[in-house]
Amino acid sequence: MKRFIPIITLFCLLLCSCGTQRQAEPRRYNTLSQKAHATLQFDQHKYTMNCAVQMWRNELVVLSLQPALGIEMFRLEATTDSVCVIDKMNRRYTTLAYDWIGKKVHPTPSLKLIQDYVSAPLSKQKKNQNHLHLKVGGHIISVQCTFSQREYNKLTSPRRLELKKYKRVSLREILPL
């Protein structure tokens, strides 16, 4: 079970799409922050975790995954050209280009796709939930996200994690692909 958490972490950013409390959505916003509760199904394994999403339009999306006790264990930082997967517990990270991820995951991710999922308009039919299915090799990852809070234009300048304290490793050391 523990070995699947990192692979789920990588794809959770792609899986979180939007549904939030019923509140007015501004016509134009530059930043968005929200909290989510995600349930991920990977083959016969099911994981439930809390997530925090921060988005700076056309620049950066940060996903903080907190599988236990509200402690951030993994972080994903999506920029215009890549995704940085950070294993905070083991102090290591790897960076993946969207082209490479597209060879493993369908549909192919991009910052625009991720932003669209994170900031999708409210839907009364979905009751704050959204389901998504991704194909990863011979596996299907399904996710159901329930969003509980959303705030617009509250974030200041983008804050990426300082990686000097972390060791850069290969993807295989973080994710069991």
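Some notes on this structure:
- The strands (runs of 3 or more DSSP E) found entirely in segment 47-89 that carry 1 or more residues being at pLDDT below 90 and surrounded by fewer than 20 Cβ atoms within 10 Å (Cβ to Cβ) are 60-66.
The rows are residues; the columns are (1) outside any loop (DSSP other than H, G, I, E, B); (2) modelled with pLDDT under 90; (3) in contact with a strand residue (DSSP E or B) (Cβ under 6 Å, 6 or more places away or on another chain).
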| position | (1), (2), (3) |
| --- | --- |
| HIS133 | yes, yes, yes |
| SER142 | yes, yes, yes |
| PHE147 | yes, yes, yes |
| GLU151 | yes, no, yes |
| ARG159 | no, yes, no |
| LYS164 | yes, no, no |
| PRO176 | no, yes, no |
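- VAL169 fulfils the conditions (1) hydrophobic (A, V, I, L, M, F, W, C); (2) in contact with a Lys or Arg (Cβ under 8 Å, 6 or more places away or on another chain); (3) modelled with pLDDT under 80 except for a single criterion, (3).
- The residues of segment 139-158 that are more than 13 Å from LYS35 (Cα to Cα) and surrounded by 15 or more Cβ atoms within 10 Å (Cβ to Cβ), listed by number, are ILE141, VAL143, GLN144, LEU155, PRO158.
- In this entry, SER33 is excluded by the filter for residues that are among the small types (Gly, Ala, Ser) and either at pLDDT below 85 or in a loop (DSSP other than H, G, I, E, B) (or both).
- Among the criteria (1) farther than 21 Å from LYS167 by Cβ; (2) among the basic types (Lys, Arg); (3) modelled with pLDDT of 85 or more, the one LYS126 does not fulfil is (3).
- Verdict on THR39 being closer than 20 Å to ILE141 by Cα, loosely packed, with under 15 Cβ neighbours inside 10 Å and at pLDDT 80 or above: no
- Condition met for SER82 (farther than 19 Å from LEU163 by Cβ, among the small types (Gly, Ala, Ser) and in contact with a helix residue (DSSP H, G or I) (Cβ under 9 Å, 6 or more places away or on another chain)): no
- Odd one out for ALA97 among (1) hydrophobic (A, V, I, L, M, F, W, C); (2) closer than 22 Å to ARG159 by Cβ; (3) at pLDDT 90 or above: (2)
The values are calculated or read from the model by the stated rules, or taken from the named source; none is laboratory data. Keep in mind that this is a model prediction, so the values were computed, not measured. Please note: Cβ atoms are built from the backbone with ideal geometry, for glycine as well, and neighbour counts cover all protein chains shown.
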